[in-house]
């Protein structure tokens, strides 16, 4: 797992957008910066790459903490409340998941549960199931769609990782 500093995660995230083009909206970087310590802390606690969590948040909500999808997924990481539990084990509501710290913790814990409990540490399969709720070892239409999504998130995370290393190199942090 890459060691990522708080100073580089969001700079890497928004110096390039997900297509690799220069990003022109400084407000997105400010929004990311508000949440990056939650991302890094939760990612390390759950043994998930922070770049994957950041790419997932960007894809799911574009940093909109109070996002609600048409299927009822809520918050930064678009967690479905009926499947989610707080760190203490209690149920969470959509309103609860609008709290960025809780949403990141619950979403990252959910991804980690898929990754380690069901898929022996396989991030791609975990992302697939995170997105679809499907068993991504089966060859189903949902699993195939989930794998396309997982590939997109992993590609985005790799771009963040590469850009972060470049920024850290330029600043003398490595």
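For this structure, a couple of remarks:
- Verdict on residue 138 being under 13 Å from the mean Cα position of the chain (by Cα) and surrounded by fewer than 17 Cβ atoms within 10 Å (Cβ to Cβ): no
- Within the stretch 119-148, tally of residues that are within 20 Å of residue 53 (Cβ to Cβ), in contact (Cβ under 8 Å) with a residue 12 or more places away in the chain and assigned to a helix (DSSP H, G or I): 12
- Every condition in (1) over 17 Å from residue 103 (Cβ atoms); (2) part of a loop (DSSP other than H, G, I, E, B); (3) modelled with pLDDT under 90; (4) more than 16 Å from the chain's Cα centre (by Cα) holds for residue 1 except the one numbered (4).
- Of the residues making up the stretch 9-21, one or more are on the phi > 0 side of the Ramachandran plot and either touching a helix residue (DSSP H, G or I) at 6+ places or on another chain (Cβ under 7 Å) or at pLDDT 95 or above (or both).
- Condition met for residue 93 (over 18 Å from residue 38 (Cα atoms) and in contact with a helix residue (DSSP H, G or I) (Cβ under 7 Å, 6 or more places away or on another chain)): yes
- The set of residues in the stretch 143-156 being surrounded by 17 or more Cβ atoms within 10 Å (Cβ to Cβ) and more than 13 Å from residue 130 (Cβ to Cβ) consists of 156 alone.
- Exactly one residue out of 55, 43, 109 is touching a strand residue (DSSP E or B) at 6+ places or on another chain (Cβ under 9 Å), modelled with pLDDT of 75 or more and assigned to a helix (DSSP H, G or I), and it is 109.
- Test: residue in the stretch 71-78 that is in contact with a strand residue (DSSP E or B) (Cβ under 7 Å, 6 or more places away or on another chain) and surrounded by 18 or more Cβ atoms within 10 Å (Cβ to Cβ): yes
The values are calculated or read from the model by the stated rules, or taken from the named source; none is laboratory data. Bear in mind that the values here come from a model prediction, so they are computed numbers and not experimental data. Quick reminder, even Gly has a Cβ in these numbers, built from the backbone with ideal geometry, and neighbours come from all protein chains shown.
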